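Participant: Could you have a look at this structure, given as structure tokens, before my questions?
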Amino acid sequence: MLKPFALASLLALAAAGVALAHGDGAPSPVDTKGLKELGEDPVAENPYRGDKLAISIGAGGYNQNCARCHGLDAKSGGMAPDLRELPSDAEGDSWFYARVAGGATKDGRVRMPPFLGILNQEAIWAIRTYVENQPKD
Ligand code: HEC
């Protein structure tokens, strides 16, 4: 028979496990195992466009790191731009990469934190691939 406090801590552990599994919205690295490795220098265009593994890795990365501002399923709630609107071409890609890597500051206030160092290049392009594959409506 479990003592009440032991039971309570087991329940707390279980709850923490559930919260982690669903993502708590804190910036966190993304496991990009299985994707082609890209090194440090940013490539000019999304190397994973349409890639199924990139889409699923990107979905997790997006939900954990971006959804709290850019909206669930990449549907913006108005707090931050709708990322599905960026064109899927080299220009859209380099803008996306630069923004995610460097973040955005306005009038001295951080509107979006920089993600380079938390996310590697592979993770940034996987998230881009996920967003590109979300339906526009
Ligand atoms: C704390 C809130 C917040 C988080 C978290 C956040 N963003 Fe942003 N993001 C913003 C805001 C606000 C802007 C608009 C900044 C501006 O233009 O001044 C923005 C702008 C952008 C832009 C430029 C969009 C455009 O149309 O010009 C991209 C791309 C972007 N974010 C991608 C991401 C990705 C990918 C993630 C997750 C890895 C992320 N953001 C996480 C708030 C956030």
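The values are calculated or read from the model by the stated rules, or taken from the named source; none is laboratory data. Keep in mind the model is a prediction, meaning the values are calculated, not measured. All Cβ positions, even for glycine, are placed from backbone atoms using ideal geometry, and neighbour counts span all protein chains on display. These accessible areas exclude ligands, DNA and RNA; they are computed on the full protein's heavy atoms, side chains included. Shrake-Rupley method; radii C 1.70, N 1.55, O 1.52, S 1.80 Å.
Participant: Carbon and sulfur: what percent of region 20-89's accessible surface (1.4 Å probe)?
Facilitator: Ligands and nucleic acids excluded, carbon and sulfur reach 54 percent.
Participant: Could you order the peptides 26-35, 99-108 from most to least packed, using the average number of other C-beta atoms within 10 Å per residue?
Facilitator: My ranking of the peptides, most packed first, is 26-35, 99-108.
Participant: A further question follows. For region 52-137, rounded, prolate or oblate, judged on the Cα gyration tensor with a ≥ b ≥ c (square roots of eigenvalues), a/c < 1.5 rounded, else prolate if a/b > b/c?
Facilitator: In terms of gyration-tensor shape, rounded.
Participant: Okay, moving on. So, R0 is 25 Å and r is the distance between the beta-carbons of V110 and K75; what FRET efficiency does that work out to, to 0.05?
Facilitator: 0.60
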